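Nothing in this text is a laboratory measurement; each read-out follows from the coordinates by a stated rule. Computed from a predicted model, the values in this text were never measured in an experiment. Glycine also receives a Cβ, built like all others from the backbone with ideal geometry; neighbour counts cover every protein chain displayed.
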Amino acid sequence: MTIKQLLSCVMIPVLFAIPGPIIAGTNMPEGIIKLDGRKAPELKLDDLDGNSYDLAQSRGKWVFVHFWAAWCGPCRREMPTVQTLAEQLTGSPIEIRLVNTAENDDVVFSFLGVVAPEMPTLMDRDGLVTERWQPRGLPASFFVSPAGTLEYIALGGRQWDKPEFLNFVKQLIKNKTVRHSN
């Protein structure tokens, strides 16, 4: 990778990190980017056990949609923190949905068994759902509002078990609405 390519990768999040959104009077953690609130793309997939999921059935609560792949180094490092986040939010009104991007069941099963054994994942076997969502790389985590709109994204790996990210998610749950500063 050339220096120019590296710098362009680093600059992308800076270009999209426009100040303004505030949730319940707190600042957003570094790396969380406010989106335009457009309707979330369709998300209908099966998990490894063949159970179906449809994002449209989750209206009324926040949904954390996390795109990942086993070959992705940042995904590998991040996944245990996503599992910890899920454990800390057990029983709360937010759904955490992992979406594996275009890998087979054996690869996914082996990966999760080692890295995050308690995390079920939806299987985007042909990659078409990921393509519709356009995550701009992996891992990518979207926050879908109770109204079914895309409100926030985190591009690249995060330590979701750190207090600033956990507090951010808890504020989303508490407020159920998105507030913007002027």
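Quick notes on this one:
- Environment charge of GLY157, counting only residues whose C-beta is closer than 13 Å and scoring Lys/Arg +1, Asp/Glu -1: +1
- Length added when fully stretched, GLU87-ARG136, from 0.36 nm per residue minus Cα-Cα: 14.9 nm
- The mean sequence separation of alpha-carbon pairs under 8 Å and at least six residues apart, normalised by the residue count of region 60-161, gives a relative contact order of 41 percent.
- Rounded FRET efficiency, nearest 0.05, which uses the C-beta distance separating ASP47 from ASN167 and R0 of 30 Å: 0.55
- Selection from TYR53, ALA86, PRO29 lying farthest towards where the dipole of region 22-115 points positive, charges on Cβ: PRO29
- If R0 is 35 Å, the Cβ-Cβ spacing of GLU118 and ALA147 corresponds to a FRET efficiency of close to 0.75.
- Cα convex hull of region 18-175 - mean projected area over all directions, nm²: 8.5
- From largest to smallest, the equivalent ellipsoid semi-axes obtained for region 86-182 from the alpha-carbon gyration tensor read 25, 17, 12 Å.
- Per residue, the convex hull volume that the Cα atoms of region 84-134 enclose (Å³): 83
- Given charges at beta-carbon only (K, R positive; D, E negative), |dipole| of region 109-158 in Debye: 120
- Computed magnitude of the charge dipole of region 84-129 (debye, nearest 20; Cβ of K, R +1, Cβ of D, E -1): 120
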